[in-house]
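What follows is a set of notes on a single structure, which appears directly below.
The values are calculated or read from the model by the stated rules, or taken from the named source; none is laboratory data. All of these numbers come straight from a predicted model, not from anything done at the bench. Cβ coordinates were reconstructed from backbone atoms using ideal geometry, including for glycine residues, and neighbour counts include every protein chain displayed.
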Amino acid sequence: MKSLLLAGAFVVATAGAIVATAGTAAAAEPLGAEVRQLVLSIAPTWSSSQGTLQRFERGADAQWLQVGEAVPVLYGKHGLAWGRGVRGSDEPGLRKREGDGRTPAGAFTLGLIYGNDRRLPEGADFPYHQVTEVDAWPDDPKNPFYNQHVTVNAAIPPAWFASQRMCTGDPAYRWRVEIRHNSDPIEPGAGSATFFHIRRGETRPTSGCTTMAEPALRDLVIWLRAAATPHYVLLPRAEYVRLWKAWGLPAPDPAK
């Protein structure tokens, strides 16, 4: 965590994943053995705004075991583009940019869960922050706190705060699980505020987040454990077939 004085307002910016990952690992290197929980989403193509999401746990034999059933999810209205995470940043192809309506593809660590409620659902055990009237997540590339969670002094808020504050009370944001795209380090303009959250309709795409029905997100929130170093992997099916062995992921379903 870092604290700064900005324009007379006390601002606190939280930074770092649950297990921080510096820089980008080689594309051909498998995810480390410390990654024992995997949230895996596969899209039909790069232009898809719908796909599926599955949860996996790695057992003592290092094999991935599926947890629960696959659930439908929604992506950006313009599909996917390569993001900046722990895998995929160096892959050739379209890159995620701020405001492009695309969801970042690749492999990513997870940050905090942000939400409207005072606490997470019963059974959950993951770092959590209740969003209040003093929380912001700037998506302006010119903002010094671009793509970071910040809290401000409500009595002396910075000039940008009104347009960059986080929503409170929105049912779609009951829980927001941070997907740490473009976080380690941050590149201005490469995309911001990427989360799992509740969908706004069965077929309504997003601006770049991954959304799902509330029961599915509740199950995910309750299942996540920081000690298991959970990662999120999102890929179009063709890329998944190409990369799963190199990244150390579950084998693709031959029936799909």
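Some points to look at:
- Check on residue 84, assigned to a strand (DSSP E or B) and either of a type outside the set (A, V, I, L, M, F, W, C) or exposed (fewer than 15 other Cβ atoms within 10 Å of the Cβ) (or both): no
- The stretch 204-226, residues that are without any contact (Cβ under 8 Å) to a residue 60 or more places away in the chain and either surrounded by fewer than 22 Cβ atoms within 10 Å (Cβ to Cβ) or of a type outside the set (A, V, I, L, M, F, W, C) (or both): 214, 215
Condition check ((1) modelled with pLDDT of 95 or more; (2) out of contact with any strand residue (DSSP E or B) (no Cβ under 6 Å at 6 or more places or on another chain); (3) crowded, with 20+ Cβ neighbours inside 10 Å; (4) farther than 21 Å from residue 81 by Cα) across all residues:
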| position | (1), (2), (3), (4) |
| --- | --- |
| 188 | yes, yes, no, no |
| 201 | yes, yes, no, yes |
| 231 | yes, no, yes, no |
| 244 | yes, yes, no, no |
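- When residue 49 is tested against (1) modelled with pLDDT of 95 or more; (2) within 17 Å of residue 236 (Cα to Cα); (3) surrounded by fewer than 19 Cβ atoms within 10 Å (Cβ to Cβ); (4) among the small types (Gly, Ala, Ser), exactly one condition is not met: (3).
- Residue in the stretch 58-76 that is modelled with pLDDT of 95 or more, closer than 21 Å to residue 226 by Cα, buried (at least 17 other Cβ atoms within 10 Å of the Cβ) and within 16 Å of the chain's Cα centre (by Cα) present: no
- Residue in the stretch 28-35 that is at pLDDT 95 or above, assigned to a strand (DSSP E or B) and surrounded by 18 or more Cβ atoms within 10 Å (Cβ to Cβ) present: no
- Within the option set 128, 114, 75, being without any contact (Cβ under 8 Å) to a residue 24 or more places away in the chain and under 16 Å from residue 178 (Cα atoms) holds for one residue only, 128.
- Selected residue (criterion: farthest from residue 126 (Cα to Cα)) from residues of the stretch 187-233 that are within 14 Å of the chain's Cα centre (by Cα) and among the β-branched types (Val, Ile, Thr): 206
- Evaluated against (1) assigned to a helix (DSSP H, G or I); (2) surrounded by fewer than 19 Cβ atoms within 10 Å (Cβ to Cβ); (3) of a type in the set (A, V, I, L, M), residue 251 falls short on exactly one condition, (1).
- Residue pairs meeting the criteria (Cβ under 6 Å; at least 6 apart or on separate chains; first under 26 Å from residue 179 (Cβ atoms), in the stretch 138-166; second polar (S, T, N, Q)): 138/164; 139/192; 147/182; 147/192; 149/14; 160/143
- Of the residues making up the stretch 152-185, those that are among the hydrophobic types (A, V, I, L, M, F, W, C) and either under 16 Å from residue 113 (Cβ atoms) or buried (at least 18 other Cβ atoms within 10 Å of the Cβ) (or both) number 9.
- Check on residue 169, out of contact with any His (no Cβ under 8 Å at 6 or more places or on another chain), more than 25 Å from residue 39 (Cα to Cα) and at pLDDT 95 or above: no
- Only one of 197, 181 that is under 29 Å from residue 142 (Cα atoms), outside any helix (DSSP H, G or I) and in contact with a Cys (Cβ under 9 Å, 6 or more places away or on another chain): 197
- Flag if residue 151 is assigned to a loop (DSSP other than H, G, I, E, B) and either hydrophobic (A, V, I, L, M, F, W, C) or farther than 24 Å from residue 87 by Cα (or both): no
- For the stretch 106-127, taking the residues that are hydrophobic (A, V, I, L, M, F, W, C) and in a loop (DSSP other than H, G, I, E, B), the one that is nearest to residue 80 (Cα to Cα) is identified as 126.
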